[in-house]
Amino acid sequence: MYANGALVMHTRLLTLFSTLFGTAWGWNSSSNSMLLHDPIQSSYTTTSNHWHSNVFKPLEDLKLLSDSQFTSLSHPAFPSYGVRVKKSKFCDGGVNTYTGYIDIEARHIFFYFFESRRDPEKDDTIFWTAGGPGGSSALAVFLGLGPCRITGDTETEYHHESWNEVANVFFVDQPIGTGFSYADRGESVSTTEEAAQDIAAFIAIFFENFIKFQGRPLHLAGASYAGRYLPLFASAVYDKNAYLKNVGITPINLKSIMINNGFTDYFTMITSYYDMTCTSAGVPLLDSSTCVRMKQVIPRCQSSLTRFCRDRFDMIDCSAASAFCGSELQEPFILTGWNQYDITKKCDGELAENLCNPITKNLTTYLNLPSTLSILGIDPDTPVYGNFKLLSFSVNKAFEQVLDYVHPTQIYVEQLLTRGIKVLIMVGSNDWACNWIGNFRWVSALEWYSSDGSGHQKGVGELREWGGSLAKDGYDSDGDQWRKMGMTATEGNLTFVTVDGAGHMVPADKPKESLFPSFVMEASTLTQDTSMLGLGISFSISLRAEEIRTMMIQSFGPLEGREDPLLWDFSRSLDHAESLAITRPSIIPNHGTKLQTFFFVDQPIGVGFSYADYGESVSTTEEAAQDIAAFIAIFFEHFTKFRGRALHMAGESYGGRYIPLFASAVYDQNAHLKDMGLTPINLKSAMIGNGLTDFFTMTTSYYDMACTVAGQPVLDISTCVRMKEVVPRCQSSLKRSCVDQFDKINCYAANTFCNAELFEPFLRSGRNLYDITKMCDGELTDTLCYPITKNITNYLNIPSVQTSLGIDPSSPAYGNYTVVSMEVGMAFDRALDHAHPTQHYVEQLLHRGIKVLIYVGTNDFVCNWIGNLAWVSAMEWYSPDHSGRREKVGPLKPWGGASVSTMERWGMIAQGGGLTFATIDGAGHMVPYDKPKESLELVKRWLEATTEL
């Protein structure tokens, strides 16, 4: 937020803002060439002259400076550059403080300089820049790591955790037009490459004039868009050292760069917004349907951004791709009103007015006071006098127009590491704008060769806990000498660190913890205790010895002292509807009512006993989900004895599509219920039996089920060969037209073709779709291969039964009950409801801590175990404990009855992080019908959740 890095993402919503963070290189569209100007080397071409005392005399001692007027400094090596500096009794009364300008002909860059409180004669120097682009470093001076904090329009207070406790610190307003920086004749800077040359020249002039700092270690630091600035600034400083040596100037002792919540790699950051707002790696506060849309668009964004912005830079197409991805992946969060700098909070005020922090208005007022301007040395004749702003939208727009932000800055980081420059990436875990996930991804992908000749290095190791004690006596307020402060990973000179509880402004949110970057001056990793010398606090930084678990296994056991949970069963195919006729089954052996209160629901409208008065219909699962969520809320609100009771939502077959969306709608609705003062639903799990959840893995699995021993090779060899050959074509066409970009006409055509090639050969065989080991008993359209279904139809149409169920004789369902509604099935089919990737909703439930059970009879063909295991195995999600740990199901292993030593095998199971996949041997599509004993034991263990399957 120092640089208000992400503020620019709001142009589409606030006309004041541009897209995300700024823009690209100085590109000449007419000549297709880079306009790279090197003012240092071009300003002086002599390579043999050394500067003697009669040519150049350094000021040597800052104490000689006036506090009433500027002293001008220059150097013959940089004739286009100068520095004006003065003493300023400002902000920190205990140390020498200076303000001034870097003058580049008609351009003037403002800076603050605070000497170290500890030992200014020996301590390192830190150069700090804000981001934006166009963000003033005053945010860091007065709200972050600076020596004082703003407390009102006219007051500041001493800041004990300032970084000048351990170092001499510069704060710079750059580029031109930012903060107190200005140009005489409207000159401007619109690329990081241009800005880098100015900063490199300023640093060289400063160290050459003030010889007591010569050779002192220099660390370049900054926040937000400084993630783009700093790698290029540090590279410019490093590269100019050869020139400085040639002209007899002491080279700069560049030691490290320190990036706080930086925006370094646009490509990893743009896609990370899904993870931050839709998974437990951040805070899953967006509704599930929005998250699923975001998840689906990520591959398209990755492809288009790589093609137009990276592989071959095309300004027009890159800008279009960036705009599209911004609208799909950034704006959903922006529209919520949450704070983009701390995802755990709402924006306090208007983003465009106060950056979600009202104290920023006090800061703007304070820095426009005549008395403040006089102390700083701001000339009343300059355009910035009385017009200070924390963010310059004109600078921001200039960078955005040339797409400065899309260029691969991380390559500069690799080059610095190769040259032995240490790099620290520090990220507050609550920041959304420049979040830890996007940063960790590009850091993990880095590759470089160690400067010590030890060879190739890549990324960083696994994340581990780091922490310490902040109390003066070595103990924190709870008496614990060590506490976790975040996560860290290190490789060579590269260190990545998260800070728990901090947002975009780590030094503001966690000032004591943020002081740890001084370890960069002392050591290379966080594997040792580092004491903050001279601070009066014990700050022990260390790593936990325990290893972080990579998988959380769900366990099962007896219910103790709990009321029975509620289990809702939503019909298994597209024939169950919404008049919501609820029945309670008879008590029979091995029936589920022995475990819980049980509901069965006919949905959507037109299914079973459900009906509509005026011909209304539902043709998508999304529509049906809203009706179910509303019904569940009404039920629990009216029947108070069930409030707060654990709810499990279950179904089979097309329930594999229904249940994830229904459960997501119930979960998302809870926020609304809380707002209205109603009791939220205690949703515990989703249970799917032989479900159609991922149409794409299921379609191609028909070959495996009918042609390999994974199922039963019941089709002839020539048919199987044809099916095998068509699988890649189906995978490609379905992905292209149904997943990557939904094209209803082409998706329907691909669906029809693949159904004819992969499903119909088995259908024509006369075998039972629901149990591959049997032939169909009767006609599929008449009996569903199970004659007993006709008995069910006859029974439920008996007038006495309908009377007992409460079916109104005047309703269209009276006397017309059917097990399957062909009209409802056709309506969903025409909408291609089945072609949407429902597994993304399963991921969203897991991110939110909702358990998921997928159980499948091994003999089922239509929704078989192979197709289900394929999508289950492909899923990855973040652990709901917010550790950032990625979860997957483990390998299949046997499960069954009795003890392990005498176990009767009932099937195979795979588990991980709240998700359980189980097969039931010998069962077909209807597991409770084929294997009632095993299915009851399965659900019993699932609900009890204290022993393994």
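Whenever a residue of the range 297-317 is farther than 18 Å from residue 409 by Cα, its partners that are surrounded by 14 or more Cβ atoms within 10 Å (Cβ to Cβ) and of a type in the set (Lys, Arg), lying with C-beta atoms within less than 9 angstrom and at least six residues away or across chains, give the pairs 317/307. Only a single item in (1) open to solvent by 50 Å² or more (accessible area, probe 1.4 Å); (2) over 17 Å from the mean Cα position of the chain (by Cα); (3) more than 19 Å from residue 405 (Cα to Cα) is not met by residue 320, and it is number (3). Scanning the range 809-818 turns up no residue that is in a helix (DSSP H, G or I), hydrophobic (A, V, I, L, M, F, W, C) and farther than 30 Å from residue 277 by Cβ. With without any contact (Cβ under 8 Å) to a residue 24 or more places away in the chain and either assigned to a helix (DSSP H, G or I) or within 29 Å of residue 776 (Cα to Cα) (or both) as the only criterion, which of 726, 721, 714 stands out? After applying the criteria, what remains is 721. For the range 823-851, the set of residues classified as within 14 Å of residue 911 (Cα to Cα) and surrounded by 24 or more Cβ atoms within 10 Å (Cβ to Cβ) consists of 846 only. Residues in the range 325-348 that are β-branched (Val, Ile, Thr) and farther than 30 Å from residue 155 by Cβ were compared, and the one that is least open to solvent (accessible area, probe 1.4 Å) is 343.
In this structure, does residue 303 turn out to be in a helix (DSSP H, G or I), small (Gly, Ala, Ser) and under 21 Å from residue 337 (Cβ atoms)? It is false that residue 303 is in a helix (DSSP H, G or I), small (Gly, Ala, Ser) and under 21 Å from residue 337 (Cβ atoms). Residue 883: part of a loop (DSSP other than H, G, I, E, B), over 30 Å from residue 486 (Cβ atoms) and either open to solvent by 10 Å² or more (accessible area, probe 1.4 Å) or modelled with pLDDT under 90 (or both), yes or no? For residue 883, the condition - part of a loop (DSSP other than H, G, I, E, B), over 30 Å from residue 486 (Cβ atoms) and either open to solvent by 10 Å² or more (accessible area, probe 1.4 Å) or modelled with pLDDT under 90 (or both) - is not met. Residues satisfying the criterion are absent from the range 248-255 (criterion: assigned to a loop (DSSP other than H, G, I, E, B), farther than 20 Å from residue 493 by Cβ, touching a helix residue (DSSP H, G or I) at 6+ places or on another chain (Cβ under 7 Å) and at pLDDT 95 or above). Residues in the range 780-836 that are more than 30 Å from residue 747 (Cβ to Cβ) and acidic (Asp, Glu): 782, 808. Name the residues in the range 600-629 that are open to solvent by 30 Å² or more (accessible area, probe 1.4 Å), touching a residue at least 12 places away in the same chain (Cβ under 8 Å) and out of contact with any Pro (no Cβ under 6 Å at 6 or more places or on another chain), would you? Correct list: 600, 606, 617, 619, 620, 622, 623, 626, 627. When each of 351, 390, 373 is tested for being hydrophobic (A, V, I, L, M, F, W, C), in contact with a strand residue (DSSP E or B) (Cβ under 9 Å, 6 or more places away or on another chain) and surrounded by 18 or more Cβ atoms within 10 Å (Cβ to Cβ), the lone residue that passes is 390. Applying the criterion of being assigned to a helix (DSSP H, G or I) and farther than 17 Å from residue 255 by Cα to the residues of the range 207-216, the residue that is most open to solvent (accessible area, probe 1.4 Å) is 211. Do you know which of the residues in the range 256-287 that are part of a helix (DSSP H, G or I) and of a type in the set (A, V, I, L, M) is surrounded by the most Cβ atoms within 10 Å (Cβ to Cβ)? Here the answer is 269. Confirm whether residue 842 is in contact (Cβ under 8 Å) with a residue 40 or more places away in the chain, of a type in the set (Val, Ile, Thr), part of a helix (DSSP H, G or I) and within 24 Å of residue 939 (Cβ to Cβ). Yes: the conditions hold for residue 842. Within the range 630-654, the set of residues being in contact (Cβ under 8 Å) with a residue 60 or more places away in the chain and out of contact with any Ser or Thr (no Cβ under 6 Å at 6 or more places or on another chain) comprises 632, 642, 645, 646, 647, 649, 650, 651, 652. Within the option set 803, 793, 818, 789, being touching a helix residue (DSSP H, G or I) at 6+ places or on another chain (Cβ under 6 Å) and within 27 Å of residue 605 (Cβ to Cβ) holds for one residue only, 789.
The values are calculated or read from the model by the stated rules, or taken from the named source; none is laboratory data. All values reported here derive from a predicted model rather than from experimental measurement. Cβ coordinates were reconstructed from backbone atoms using ideal geometry, including for glycine residues, and neighbour counts include every protein chain displayed. What goes into the accessible areas is simple: the full protein's heavy atoms, side chains included, and nothing from ligands, DNA or RNA. Shrake-Rupley method; radii C 1.70, N 1.55, O 1.52, S 1.80 Å.
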